[in-house]
Each structure stands twice: as C-alpha cells, then as structure tokens.
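Each remark here refers to the structure printed beneath this line.
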Amino acid sequence: ASLVVQIKEHLNDNHRGEKIRQGLSLAIIGAPNVGKSSLINYLARSEVAIVSEIAGTTRDVVNVHLNIADVPVIISDTAGIRKTEDTIEKEGVKRALQKAQDSDLKILLLDAKNPEIVQDLLDEKTLLVVNKIDLNSDLQLEGAILISIKQKINLEELLKQLEERVKILTSSAGYPPITRARYRHSLNAVVDNLLEFSLQKNIEFAAEDLRLAVREIGKITGKVEVDDILDLIFSGFC
C-alpha cells in the first residue's frame, strides 16, 4: 500500500516535469500602452517587441523563450485589452484573453496614472504589477508590485517574485520529474495493477498483477527481467 501511496504522490505533481521540459507559459496582459512590450524587452534584454506610444501597436501574440530560476519560460507579449471596433485589433484582444486563460502564470500590468483592474483577469495565477510608478509615486495598491520600467524602479523585486512563482509551479516533494505523458500513463497503470494484487487470489492471478506492474515500470526504466523478479517475490510461497 505504501508503494501505491508513493507513486500517487509522485503523480500528483501538477505536471511539473512536462512543464519543465516544454517550458512554463507566462502571459503579459493589460490595456494598450501600459508597457507590456517594454516589460518583455526588459526581461529578454533585447528589442524583441515593438515599443510605441501609439495605443494598440501589438496586434498579435509575440513569444520569447527565457530561463527563469533555471526553468524554461515562454513569455507572451499580447495585444492591449480594450474595447475596439478594429477587426484586426479585436482579434488580437481575443487571442490575448485566450492566452491569459491558457497560461501557467500571467502578469497583469497596469498604468500608475490610471490603474484600473479588470477583476476577471485576477486569479491565483496572476502577478499584479503597476508600471510608470514614477509618474504617480503616491499610489498605494494592495498586493501590487509597483515598478517603473523606464526609470528602472523596483524591477529586481518583480524578478524576485517572478522567480518565486516559477519555483512554486515547478516544486516537487523530492521525486524526479515525470517528463513525458507515456511515463505518467505507465505509472498510473502500475498503481492500478498493484491495487488489483492480493495474496487472497490464486497465486497465478496475483503473479499476473505483479507481472503487469513490472512490465509498466520496465517501459520507463528499460527492460526488466520479469521472471527473475517473480521468482524472488514468490520464492517463499511456492
């Protein structure tokens, strides 16, 4: 029973291994001209996104691959979220909202001059960040990280909290990460087979449960000599 519990704990990892292998997804969202493109350029240390004073410049999702806390992170710079009649921009807003919903983590970026929070975009995956604090230094907003990208104010705190969020999302209970879906499938099969195992059954049926479990483990670790293991297990019963 303890082996089953350990495997279940290993499986209950919020798909940490797959996220580490494929990369966590981080969406930067907010209204037009709050500094989303400037933030992603700061994080990437290069001019990968268009920075402009014209609202609505980013019409699509721009992806950048970074390493944060030794974990690959795919950061998406999205179109500014606002009501618009422009067909292309409206599609960009739609994609931005979808990207935010699908991401492992998101930064909701506000403008210190007009920090309007869209409550629907706030959840446990959200880091609330207010940019341009140099233009409204008296602003107080509970739970928010107050920064200025242009004046390089408090950016270290933002990076620190971003790293903490990434570590939480990829933390483990000391188990190695499950990096592929087929490994997860095999471990689930091992649990099922071990739960079926009972010495109250005829010995050949109990042996079959163990043989199936060992076969699934062998799919992960490599070839396992099933007959040798079964001989060892049942040497005291047969």
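Can you sort 45, 184, 211 by solvent-accessible area, 1.4 Å probe, largest first?
Most to least solvent-accessible, the answer reads 45, 211, 184.
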Could you compute how much accessible surface residue 134 exposes when probed at 1.4 Å, giving the result in Å² to the nearest 10?
60 Å²
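Order 126, 221, most accessible first, counting only protein heavy atoms with a 1.4 angstrom probe.
Greatest to least solvent exposure: 221, 126.
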Describe numerically, in nm with one decimal, the distance between label points set 7 Å from Cα along Cα→Cβ at residue 215 and at residue 65.
3.7 nm
With all protein chains present and a 1.4 Å probe, how do 201, 150 order by accessible area, largest first?
150, 201
Ignoring ligands and nucleic acids, residue 190 exposes an accessible area, probe 1.4 Å, in Å² to the nearest 10, of 0 Å²
For residue 183, what accessible surface area do you get with a 1.4 Å probe? Give it in Å², rounded to 10.
50 Å²
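The values are calculated or read from the model by the stated rules, or taken from the named source; none is laboratory data. Note that the coordinates shown come from a computational prediction; the quantities given were computed from them, not determined experimentally. No Cβ is skipped: glycine too gets one built from the backbone with ideal geometry, and neighbour counts run over all protein chains shown. Just the protein is used for accessible areas: all its heavy atoms, side chains included, with ligands, DNA and RNA removed. Shrake-Rupley method; radii C 1.70, N 1.55, O 1.52, S 1.80 Å.
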